Amino acid sequence: MLSMFKTTPSFWYFNFLPHPSLQRLFQTSALVSTSHNYFTKPPIPYSKLLSQCAASKSLISGMELHAHLIKFGFSNDPSLRNHLVTLYTKSQHFGYARKLVDQSTEPDLVVSWSALISGYVQNGLGKEALLAFGDMCLLGVKCNEFTFPCVLKACSVKKDLNMGKKVHGMTLVTGFESDGFVANALVVMYAKCGQLGESRKLFGAIAEKNVVSWNALFSCYMQSDFHVEAVNLFREMVQSGMRPNEFSLSIILNACAGLRDGGLGKMVHGLLLKLGHDFDQFSVNALVDMYSKGGEIDDAVAVFREIKHPDIVSWNAVIAGCVLLDRNDLALMLLDEMKISGTCPNMFTLSSALKACAATRFNELGRQLHSSLIKMDTDSDLFVEVGLVDMYSKCQMMHDARKAFNLMKDKDIIAWNALISGYSECGDDLQAVSLFSEMYNKDIDFNQTTLSTVLKSVACLQAIKVCKQIHSISIKSGIYSDFYVINSLLDTYGKCSHVDEASKIFGERNGEDLVAYTSMITTYFQYGDGEEALKLYLQMQDANVKPDPFVCSSLLNACANLSAYEQGKQLHVHAIKFGFMYDIFANNSLVNMYAKCGSIEDAGRAFSEIPTRGIVSWSAMIGGLAQHGHGKEALKLFSQMINDGVQPNHITLVSVLCACNHAGLVNEGKRYFETMEEMFGIKPTQEHYACMIDLLGRSGKLNEAMELVNSIPFEANGSVWGALLGAARIHKNIELGQKAAEMLFALEPEKSGTHVLLANIYASAGMWENVSKVRKLMKDSNVKKEPGMSWTEIKDRVYTFIVGDRSHSRSDEIYAKLDELSGLLSKAGYSPIIDMDIHNVNQSEKEQLLYHHSEKLAVAFALIATPPGAPIRVKKNLRVCVDCHTFFKFVCKIVSREIIVRDINRFHHFKDGSCSCGDYW
């Protein structure tokens with residue numbers, strides 16, 4: 001290379017110098033050198049030229065100068081050689097720099113070696129710096145106060161504590177330990193090698209600490225994430241009388257940001273203003289970052305707005321702060337301002353912007369940012385790549401998310417989690433589970449977030465085997481104890497109806513938390529075990545775990561299913577106490593609970609207090625009125641809903657048709673059914689057809705009902721044929737009943753209700769041989785008749801009864817009460833209605849069987865266990881029979897009590913000798 005320079009014409013040098021000022025200096029030095037026939041010492045401008053080349057990293061110009069120095073005999077000058085070493089190290093041409101050092105014949109090369117070592121360190125080449133230091137020592141070159149800091153910095157870069165200790169020993173021997181720069185370098189070296197105690201000890205030994213010494217230690221604490229210690233050290237510095245500089249304040253502002261301590265940050269801000277460093281770019285950027293991370297985004301933006309010329313760091317700090325505090329719209333607005341200002345976004349900016357797009361589901365801007373990244377043509381950045389996967393996933397653009405994921409060279413756990421979460425949120429649960437399986441089979445690390453997300457999809461799929469596998473994986477990987485994993489497993493087992501496993505996990509958890517209670521209470525409720533849900537709520541109260549609106553809603557629904565009116569009222573009080581009356585779900589559950597517990601008046605009051613009624617609110621109230629037989633009121637409320645601008649859904653229209661059905665409003669029902677698609681854009685479903693067929697059938701229009709069945713544009717399901725079978729039983733139509741039963745045997749062979757209804761039809765016609773055939777069919781098909789069960793709530797406890805039940809502790813009193821009622825009812829004109837009993841026994845035995853029906857036992861118990869005059873509420877799992885219906889009409893008049901019976905179809909309010917259903921059910 002140097003030989004090439006010797007033969008190059010001198011004018012070639014001039015044309016390629018980087019700047020006119022350098023050209024002038026070069027020309028001056030050349031003229032002086034020529035006119036004086038080569039000086040023994042080079043003129044001063046050569047050192048200035050080399051310094052300027054080194055500062056601007058102008059390698060070509062520097063090499064031209066090097067060639068010029070060789071030509072005119074100045075290349076062996078020690079000062080110029082050191083400048084050349086600096087030039088080549090700063091330009092990362094270490095081979096040339098090392099050659100200059102090795103070729104030198106000067107006895108004292110400490111400056112050259114120091115420049116070489118410093119160059120290695122400044123370029124992050126700690127290993128090379130230490131090797132050069134070793135060579136320097138072998139040659140016997142003594143270190144000075146400039147060499148030691150460079151070598152110690154190399155030890156810091158490599159975290160080479162052993163070498164650092166050796167260098168420390170050399171500083172002690174040579175007496176340089178007390179030098180300020182060396183002492184500071186020792187403090188930093190020990191700190192970065194994890195020896196903070198030794199670092200602090202050395203810092204304390206510094207006789208005259210200057211602001212650089214303090215800053216060195218601040219930085220070390222900060223880099224080790226010891227924010228509190230850094231702040232305490234800063235206080236110590238101020239108390240010692242040392243005036244902090246802008247660098248000190250920037251470091252402490254970063255500590256405040258790490259601590260999320262906006263209050264302390266404001267105090268430092270005040271000190272910054274007082275000391276006049278508020279115009280320092282590093283300090284204002286640190287202020288923006290501190291206020292952002294301290295949760296004070298308005299203050300962060302205010303500081304940012306005062307920066308006259310914000311740099312890329314300023315923009316990134318304020319945009320990232322907005323994203324951190326979920327002010328994503330503001331972040332995207334600032335991104336637009338940044339572009340207008342002429343500042344080009346970098347990878348960090350775009351990473352924050354992608355998060356904002358993901359949060360706001362702004363997919364179009366996300367695509368534009370992706371395009372910008374491609375145009376930047378830079379090396380791939382992991383954070384940005386993950387940001388793309390996350391953005392596309394949250395915008396439910398899974399095809400693009402998968403493409404971005406597949407293009408990643410190094411897929412980390414965050415990328416896998418983002419894609420799995422995307423599939424899960426989009427409802428593609430099978431793909432989410434499959435992706436986890438792929439991840440697991442490839443031995444890719446997963447964490448609690450991965451398992452919690454996958455379990456959510458497993459719950460939706462109700463894939464119990466996969467749930468158990470993940471349960472096992474979580475135990476083997478040591479993640480099982482994680483709060484989120486435990487609750488996710490609990491929730492998944494619950495949604496897969498594996499209550500025992502869910503209960504076991506609930507019992508094994510450490511600590512009390514609302515999420516676990518919520519999952520377990522919801523599991524009990526969904527499994528139909530409302531009593532356990534209510535017991536668990538009492539346990540939750542004992543544990544001082546405050547409920548949330550979701551728990552309240554689940555418990556109210558449990559009360560609704562149990563017809564637990566008193567406990568429902570107590571939960572209403574709790575909802576008011578905890579401030580849940582603003583929650584729409586809790587309000588809707590209140591309406592539903594009161595309606596299903598037999599108090600339509602309370603339901604109406606709860607409905608009237610809902611501030612903003614949605615379709616669920618209206619549907620719950622309309623459905624409640626329908627179940628209680630208030631058909632006209634339900635239709636009136638439906639009209640009010642339409643006038644209020646609330647569009648019905650298919651559930652609302654099912655409630656409307658049920659209202660018409662329970663009230664026998666045939667014409668109104670036909671009108672709504674025939675116009676629902678035209679008026680509301682809702683095509684009739686199986687449920688709507690079943691309601692309409694039941695309405696026609698109950699009113700005796702069996703031919704119309706059959707015609708409607710034949711006109712269904714899809715294959716009718718069990719609910720449709722069940723409605724037809726029920727109509728056949730009411731009107732004792734054997735042929736229609738047989739046809740409907742045949743269809744139900746094919747569709748729902750496991751259900752006993754079909755056999756029972758068909759047997760009832762035969763029994764009412766005296767066809768006992770056919771009844772026997774139905775019973776034999778049930779036995780041969782291993783179909784068991786669902787036993788009649790009834791529930792009643794007394795003093796916050798729900799009691800269960802079955803036909804002929806004698807397990808109750810007060811059975812003797814219950815049957816004595818029935819005997820007492822029997823005599824009173826006989827005098828009042830009641831006689832048992834045995835026509836519908838399917839048992840082929842004599843009349844007295846039939847009467848005895850009817851006499852012991854579960855709902856009669858429940859009412860008898862309520863009569864002896866509740867105060868006189870109190871209403872009696874009973875729930876039945878089957879349709880109330882004709883005899884019990886008649887029995888209660890007589891009883892309510894004799895005992896002067898209202899008896900409210902909720903059977904599988906509707907409510908019956910027995911009062912003053914009549915029923916709210918008008919004997920139409």
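Is there a residue in the range 492-506 that is in contact (Cβ under 8 Å) with a residue 24 or more places away in the chain and in contact with an Asp or Glu (Cβ under 6 Å, 6 or more places away or on another chain)? Looking for residues that are in contact (Cβ under 8 Å) with a residue 24 or more places away in the chain and in contact with an Asp or Glu (Cβ under 6 Å, 6 or more places away or on another chain), one finds at least one in the range 492-506, hence yes.
Can you name every residue in the range 155-181 that is modelled with pLDDT of 85 or more, in contact with a helix residue (DSSP H, G or I) (Cβ under 6 Å, 6 or more places away or on another chain) and not in a helix (DSSP H, G or I)? PHE176, the sole residue that qualifies. If you filter the range 268-277 down to residues that are touching a residue at least 12 places away in the same chain (Cβ under 8 Å) and assigned to a loop (DSSP other than H, G, I, E, B), you find that the one that is surrounded by the most Cβ atoms within 10 Å (Cβ to Cβ) is HIS277.
The set of residues in the range 794-818 being open to solvent by less than 30 Å² (accessible area, probe 1.4 Å) and at pLDDT 90 or above consists of ILE794, PHE801, SER811, ILE814, TYR815, LEU818.
Quick check on the range 402-412. Is at least one of its residues within 16 Å of the chain's Cα centre (by Cα) and either farther than 16 Å from LEU354 by Cα or of a type outside the set (A, V, I, L, M) (or both)? No, that holds for no residue.
The single condition among (1) acidic (Asp, Glu); (2) within 19 Å of the chain's Cα centre (by Cα); (3) open to solvent by 70 Å² or more (accessible area, probe 1.4 Å) that ASP428 does not satisfy is (3). Just to be sure before I move on: is ASP289 surrounded by fewer than 17 Cβ atoms within 10 Å (Cβ to Cβ) and touching a helix residue (DSSP H, G or I) at 6+ places or on another chain (Cβ under 7 Å) in the structure I sent? Considered against the rule, which asks whether it is surrounded by fewer than 17 Cβ atoms within 10 Å (Cβ to Cβ) and touching a helix residue (DSSP H, G or I) at 6+ places or on another chain (Cβ under 7 Å), ASP289 comes out as no. Evaluate the following for ASP280: is it open to solvent by 30 Å² or more (accessible area, probe 1.4 Å), closer than 28 Å to LEU382 by Cβ and among the acidic types (Asp, Glu)? No, not satisfied. Whether any residue in the range 359-366 is open to solvent by less than 30 Å² (accessible area, probe 1.4 Å) and assigned to a helix (DSSP H, G or I) is what I want to check. Taking every residue of the range 359-366 in turn, at least one turns out to be open to solvent by less than 30 Å² (accessible area, probe 1.4 Å) and assigned to a helix (DSSP H, G or I).
So is HIS650 closer than 22 Å to VAL882 by Cβ and open to solvent by 10 Å² or more (accessible area, probe 1.4 Å) or not? No: the conditions fail for HIS650. Confirm whether VAL182 is within 44 Å of the chain's Cα centre (by Cα) and buried (at least 20 other Cβ atoms within 10 Å of the Cβ). The answer is no for VAL182. Quick one: in the range 790-831, which of the residues that are in contact (Cβ under 8 Å) with a residue 60 or more places away in the chain and β-branched (Val, Ile, Thr) is nearest to GLN848 (Cα to Cα)? Out of the qualifying residues, it is THR792. Which of the residues spanning the range 182-204 are in a loop (DSSP other than H, G, I, E, B) and of a type outside the set (A, V, I, L, M, F, W, C)? If the condition is that a residue be in a loop (DSSP other than H, G, I, E, B) and of a type outside the set (A, V, I, L, M, F, W, C), then GLY194, GLN195 are the ones that fit. The combined condition, being in contact with a helix residue (DSSP H, G or I) (Cβ under 7 Å, 6 or more places away or on another chain), within 30 Å of VAL389 (Cα to Cα), open to solvent by 20 Å² or more (accessible area, probe 1.4 Å) and assigned to a helix (DSSP H, G or I), is not fulfilled by SER437.
Looking at ILE479, ILE470, ILE486, ILE420, just one residue is assigned to a loop (DSSP other than H, G, I, E, B), crowded, with 18+ Cβ neighbours inside 10 Å and either out of contact with any strand residue (DSSP E or B) (no Cβ under 6 Å at 6 or more places or on another chain) or at pLDDT below 90 (or both), and that residue is ILE479.
Would you confirm, using the coordinates I've provided, whether CYS691 is open to solvent by 10 Å² or more (accessible area, probe 1.4 Å), assigned to a helix (DSSP H, G or I) and under 28 Å from LEU736 (Cβ atoms)? Criteria met by CYS691. Applying a threshold of 7 Å to beta carbon distances and a minimum spacing of six or more residues, or different chains, the list of pairs starting in the range 248-267 at a residue that is charged (D, E, K, R) and ending at one that is part of a loop (DSSP other than H, G, I, E, B) reads ARG260/GLY294; ARG260/GLY295; ASP261/GLY294.
When only residues in the range 440-467 that are farther than 16 Å from ASP412 by Cα and out of contact with any helix residue (DSSP H, G or I) (no Cβ under 6 Å at 6 or more places or on another chain) count, which is surrounded by the fewest Cβ atoms within 10 Å (Cβ to Cβ)? My answer is LYS465. For the range 504-554, filtered to residues that are of a type outside the set (A, V, I, L, M), open to solvent by less than 30 Å² (accessible area, probe 1.4 Å) and assigned to a loop (DSSP other than H, G, I, E, B), the residue that is nearest to GLU793 (Cα to Cα) is PRO547. Scanning the range 697-707 for residues that are outside any loop (DSSP other than H, G, I, E, B) and surrounded by fewer than 23 Cβ atoms within 10 Å (Cβ to Cβ) returns ARG698, LEU702, ASN703, GLU704, MET706, GLU707.
Would you confirm whether or not the range 237-252 contains a residue that is part of a helix (DSSP H, G or I), modelled with pLDDT of 85 or more and touching a Leu at 6+ places or on another chain (Cβ under 7 Å)? No, because not a single residue in the range 237-252 is part of a helix (DSSP H, G or I), modelled with pLDDT of 85 or more and touching a Leu at 6+ places or on another chain (Cβ under 7 Å). Test LEU80 against the stated conditions and say whether it is modelled with pLDDT of 75 or more, out of contact with any Leu (no Cβ under 8 Å at 6 or more places or on another chain) and assigned to a helix (DSSP H, G or I). No, not satisfied.
Listed conditions (1) out of contact with any Asp or Glu (no Cβ under 6 Å at 6 or more places or on another chain); (2) at pLDDT 90 or above; (3) crowded, with 17+ Cβ neighbours inside 10 Å are all met by GLY718, apart from (1).
Looking only at residues of the range 739-760 that are over 17 Å from SER781 (Cβ atoms) and either surrounded by 22 or more Cβ atoms within 10 Å (Cβ to Cβ) or in contact with a helix residue (DSSP H, G or I) (Cβ under 7 Å, 6 or more places away or on another chain) (or both), we find that the one that is modelled with the lowest pLDDT is ASN760. Take the conditions (1) under 25 Å from TRP416 (Cβ atoms); (2) of a type outside the set (A, V, I, L, M); (3) in contact (Cβ under 8 Å) with a residue 12 or more places away in the chain; GLN469 misses just one of them, which is (3).
The rows are residues; the columns are (1) small (Gly, Ala, Ser); (2) under 30 Å from GLN541 (Cα atoms); (3) assigned to a helix (DSSP H, G or I).
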site	(1), (2), (3)
ALA586	yes, yes, yes
SER589	yes, yes, yes
ALA595	yes, yes, yes
ALA620	yes, yes, yes
ALA634	yes, no, yes
GLN647	no, no, no
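Based on what the data block shows, is LEU130 buried (at least 20 other Cβ atoms within 10 Å of the Cβ), over 16 Å from VAL85 (Cα atoms) and either at pLDDT below 85 or of a type in the set (A, V, I, L, M, F, W, C) (or both)? Here the answer is yes, as LEU130 does meet what is asked.
The values are calculated or read from the model by the stated rules, or taken from the named source; none is laboratory data. Just so it is clear, the model here is predicted, and its values are computed rather than measured. Positions of Cβ are generated from backbone atoms using ideal geometry, with glycine treated the same way; all protein chains shown enter the neighbour counts. Side chains included, ligands, DNA and RNA excluded: accessible areas come from the protein's heavy atoms. Shrake-Rupley method; radii C 1.70, N 1.55, O 1.52, S 1.80 Å.
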